[in-house]
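Presented below is the structure to which this report refers.
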Amino acid sequence: MRAAIIIAILIALFFAIEIGYFAVAKHFGIVDKPSKRGSSTSVVLRGGGIIFPIAAFLGFILSRFEEPYFIAGLAIVSTLSFIDDVHSLSPKLRLPLQFVGMMLLLVQICVDGEPLPVWGYVLLFVVGLIVCTGAMNIFNFMDGINGITGGYSLVVLIFLGPAILTGVKDLVTSAILLGGVSITIIADLVFCFFNFRKKARCFAGDVGSVSIAFIILFVLGTIMVENRDVSWLAFLVVYGVDGCLTIIHRIMLHENISLPHRKHAFQIMANELHIPHVVVSLIYMGLQSVCCILYLMYPGYITLFAEIIILSLAYVLFMKKYYHLHVESGNA
């Protein structure tokens with residue numbers, strides 16, 4: 001009964017915050033106009049994903065100020081991303097500050113986890129910094145149609161529950177992560193109410209996509225360091241394959257990968273094949289759900305590599321069959 005009351009209060013709170021933000025966004029003209037990157041054809045409020053970092057900060061308070069480095073890093077990347085939503089910032093400013101935020105995330109993972117040898121810390125910070133910052137930006141790149149950021153993140157967050165119970169041995173850390181994930185799931189459901197529909201009332205914006213990625217990466221990173229096993233990346237494999245192969249494709253086309261585009265598989269589904277946005281989002285949610293279930297049933301690198309190979313093959317076959325439609329449409 002007490003849990004139901006708390007959930008009801010959180011739902012009401014996040015609805016109030018989101019509706020209040022809509023008024024602010026309308027007043028200051030924080031909107032997402034049709035562009036070469038997105039697939040929207042009308043002006044929609046941007047930055048509705050601001051409730052994701054707010055949910056994390058609320059969890060920080062409720063946990064009696066545990067995970068301070070993580071929260072500091074999230075504050076940096078979410079504030080930076082919100083400013084970018086309002087007024088575009090130069091990548092020369094964004095990337096160094098994202099690195100700082102990600103460094104703080106990695107520091108928190110080291111503080112929470114078992115001690116590593118010196119070479120382990122060096123490897124964690126060098127590889128982790130590059131991989132996590134790249135993954136966070138792929139989340140941002142993939143935010144282009146109604147429901148995809150909220151829906152995909154919801155699937156990952158839901159499956160992170162059993163992942164935490166399986167992969168985190170320290171009971172205090174496990175409880176904190178489960179509490180934070182639970183609050184973020186509630187915030188995501190509220191966001192999806194406004195975004196996961198034919199005509200979205202708001203988009204996540206950079207603040208939403210970057211923040212939810214940062215939260216997910218912290219939980220996954222904690223699990224991976226705890227188990228000395230990076231195969232848990234299977235929880236992000238669908239976004240990872242689409243994002244990475246699209247970058248490779250654009251490099252092969254000699255394009256500037258920092259410029260907006262509509263070459264992701266989900267964008268071709270929505271724009272050239274005219275599949276409804278919510279259906280495309282459901283496809284991505286379904287694929288990631290299957291990948292998470294398979295990994296929880298058969299954890300390890302074999303499952304991760306099998307998923308990467310199958311998804312990569314599907315991506316290549318899809319592009320061979322339908323990419324010409326994108327070229328013919330004049331959006332190349």
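The values are calculated or read from the model by the stated rules, or taken from the named source; none is laboratory data. Predicted, not measured: the structure shown is a model, and the values here were computed from it. When we count neighbours, we look across all protein chains shown, and the Cβ atoms used for this are built from the backbone with ideal geometry, even at glycine. The accessibility values were calculated without ligands, DNA or RNA, using every heavy atom of the protein model including side chains. Shrake-Rupley method; radii C 1.70, N 1.55, O 1.52, S 1.80 Å.
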Return the whole-Å distance between the Cα centroid of region 155-215 and the Cα centroid of region 270-332. 21 Å
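Would you work out the relative contact order for the chain, in percent, from Cα pairs under 8 angstrom that are 6 or more residues apart? Please report the intermediate quantities before stating the final value.
On the way: 426 pairs, mean separation 80.0, N = 332.
Relative contact order for the chain comes out at 24 percent.
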Out of LEU165, PHE65, LEU189 - ranked by how far each Cα lies towards the positive end of the dipole of the chain, with unit charges on the beta-carbon of charged residues - the top one is LEU189
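With respect to the cross-link table entries LYS26/LYS199; LYS92/LYS199; LYS92/LYS263; LYS199/LYS263, which display a Cα-Cα separation exceeding 28 Å?
On the way: LYS26/LYS199 17 Å; LYS92/LYS199 34 Å; LYS92/LYS263 24 Å; LYS199/LYS263 22 Å.
Going by Cα-Cα distance, LYS92/LYS199 fall outside the 28 Å limit.
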Using a 1.4 angstrom probe, figure out how much accessible area the chain has per residue, in square angstrom, rounded to the nearest whole. 47 Å²
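Put TRP232, TRP119 in order of accessible area, largest first, 1.4 Å probe: what do you get? Mind showing how you got there, number by number?
Details: TRP232 15, TRP119 175 Å².
Final ranking, largest accessible area leading: TRP119, TRP232.
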Rounded to the nearest 0.05, what FRET efficiency is calculated for VAL172 and ILE257 with R0 set to 45 Å and r the Cβ-Cβ distance? 0.60
List every residue whose amide H lies under 5 Å from the amide H of VAL31, counting only residues 5 or more places away in sequence or on a different chain, with H placed 1.01 Å from N in the peptide plane. ARG46
Under 18 Å from LYS169, Cα to Cα: aspartates and glutamates that are on another chain or at least 8 residues apart: GLU66, GLU67, ASP112, GLU114, GLU226, ASP229
Where nothing but the Cβ of Lys and Arg (+1) and of Asp and Glu (-1) is charged, how large is the charge dipole of the chain around its Cα centre, in debye to the nearest 20? 860 debye
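What is the local net charge at VAL210, summed over the other residues whose Cβ is closer than 12 Å to its Cβ (Lys, Arg +1; Asp, Glu -1)?
On the way: positive: ARG94; negative: ASP84, ASP85, ASP143, ASP206.
Its environment carries a net charge of -3.
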How much accessible surface does THR173 have with a 1.4 Å probe, in Å² rounded to 10? 10 Å²
Which aspartates and glutamates does LYS198 reach when only Cα atoms under 20 Å apart count, and residues fewer than 8 places away in its own chain are ignored? GLU18, ASP32, ASP143, ASP188, GLU272
Could you work out how far apart the two model spin labels at SER289 and ARG64 are, taking each label as a point 7 Å from the Cα in the direction of the beta carbon, and quote it in nm? 3.8 nm
Just to be sure I understand the model, the point goes 7 Å from the Cα along the line to the Cβ. What's the resulting ASN227 to PHE305 distance in nm? 1.7 nm
For LEU253, what accessible area in Å² do you get when you roll a 1.4 Å probe over the heavy atoms of the protein chains, rounding to the nearest 10? 70 Å²
